[in-house]
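To start, the structure under review is shown below, and the notes come after it.
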Amino acid sequence: MKVAILGTRGIPNHYGGFEQCAEYLAVGLVKKGFDVIVYNSHNHPYQEKEWNNVKIVHCYDPEDKLGTAGQFIYDLNCILDVRKQRCDVILQLGYTSSSIWGRLMPKNSVVTTNMDGLEWKRTKYSEKVKTFLRWAEKLGVKYSDHLISDSIGIQNYLKDKYQKDSTFIAYGATLFEKPNIEQLKPYGLTPYVYDMLIARLEPENSIETILDGVVLANLQRPFLVVGKHNTTYGAFLKQKYALQAQIQFVGGIYDIEVLNNLRYYSNLYFHGHTVGGTNPSLLEAMASNSLICANDNPFNRYILEDDAIYFNEAIEVKQHLERVVCQEPAYQAKTKNNADKIVNIYDWNIIVDQYAQHLEEVGGKFNRFRK
């Protein structure tokens, strides 16, 4: 079966969650006998035409020149190319900048779309942008033969909003089993004597609520903020907390080994995301043996259940920071339960199997190219 994966900047991953998903899926599907194409931006660091037996097609991407508008042109170029590929199934990861071109999708291929999170809920967007995102979501549903939800919350939303069924397939992670304390040295950290968060520095990720709680607690131990901060909001945060020596903005870190070790040896790992489905960074924290303090919302509750502590307000963050010691037996039980979930539910091998089954089902039933 021939499958094309659209909607990412490409593989190997140099950017984020959907790129990592595409990387794991593409390699895993090839090992199962699928013929896989992944679309890459023309300026992706990897310029070869094949990677781990995955075919790579580079398409012109003017995002570096045009900003967000360039994403729409890149997606159009990918769709125009995939029309020539005679694929059984086209797997779209997201819909935001591709759904306006949905009518151009090849009629003889099955289109299945991972609908991602509820993008229009993100507080960083203006009302005009939110209106567009609602429209794009509607088009994403309209021009897809099948839908994939990476959380039960998204699945329920699509059913209620559009009366559309979707296949639930979560995001994946791999259990981190080889901690290396040496990775802490560049940051001057002592195991379990620091707290942290990893996130895009955006309002809907509860950054201020968490950091306000850090200020209220007034502890001496470091609090690491990992995420790209050379943005307008990042500058605001650095200015607001400039006098708080314990709050350390360390920027974006993209070395997975470093990230895993920072999470593994932290006392409390804060996950403030309020929008989306199965968030990749949450699963990676679970896989890294982190004791997680999460924003109290249905998306996080569905995954973590009782195996986390929760917050809504800064005062709750303060109280957790003052009281929680991750190495206490009750908290160690929570981290073990989350590790078991990674192994039994969210392991990438399981997720690849679920995608393979889905692709076989939708491609086998409806593909017109098959003889």
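So here's what we get for this one:
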{"quantity": "Mean Cβ count within 10 Å, highest first, over the residues of peptides 185-193, 34-42", "calculated": "34-42, 185-193"}
{"quantity": "Theoretical ellipticity at 222 nm over the chain - DSSP helices of four or more residues, -39500 (n - 2.57) apiece, nearest 500", "calculated": "-12000 deg cm²/dmol"}
{"quantity": "Cα centroid separation, segment 295-371 to segment 192-240 (Å)", "calculated": "23 Å"}
{"quantity": "Those GluC sites (Glu not before Pro) in segment 262-338 that DSSP places in a loop and that have at most 15 other beta carbons within 10 Å", "calculated": "Glu305, Glu313"}
{"quantity": "Segment 217-361, relative contact order in percent, only Cα pairs under 8 angstrom and at least six apart counted", "calculated": "20 percent"}
{"quantity": "Label point at Thr190 placed 7 Å out along Cα→Cβ; residues across segment 202-245 whose backbone nitrogen lies under 14 Å", "calculated": "220-223"}
{"quantity": "Reduced Cα scattering model of segment 258-365, Debye log10 I(q)/I(0), q = 0.16 Å⁻¹", "calculated": "-0.72"}
{"quantity": "Near-label residues of segment 273-297 by backbone N, under 12 Å of a point 7 Å along Cα→Cβ of Lys121", "calculated": "273-279, 296-297"}
{"quantity": "Estimated D of segment 298-353 in µm² per second, where Rh is the Kirkwood radius over Cα pairs and Stokes-Einstein applies at 37 °C, 0.692 mPa s", "calculated": "254 µm²/s"}
{"quantity": "Computed Rg/Rh of segment 1-113, alpha carbon atoms with Kirkwood Rh", "calculated": "0.93"}
{"quantity": "GluC sites (Glu not before Pro) restricted to DSSP loop in segment 98-179 with at most 16 other C-beta within 10 Å", "calculated": "Glu177"}
{"quantity": "Alpha-carbon radius of gyration plus Dmax, which is the widest Cα pair, for segment 93-176 in Å", "calculated": "13.5, 42"}
{"quantity": "Apportionment of accessible area to carbon and sulfur, the chain, percent (1.4 Å)", "calculated": "50 percent"}
{"quantity": "The chain pair-distance distribution - Cα-Cα, 10 Å bins, rounded %", "calculated": "5, 23, 32, 25, 12, 3, 0"}
{"quantity": "Per residue accessible area of segment 135-269, 1.4 Å probe, in Å²", "calculated": "48 Å²"}
{"quantity": "Average Cα contact separation per residue, the chain, under 8 Å, 6 or more apart, as relative contact order %", "calculated": "16 percent"}
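The values are calculated or read from the model by the stated rules, or taken from the named source; none is laboratory data. Since we're looking at a predicted model, the values are computed, not measured. Please note: Cβ atoms are built from the backbone with ideal geometry, for glycine as well, and neighbour counts cover all protein chains shown. All accessible areas refer to the heavy atoms of the entire protein, side chains included, with ligands and DNA or RNA removed. Shrake-Rupley method; radii C 1.70, N 1.55, O 1.52, S 1.80 Å.
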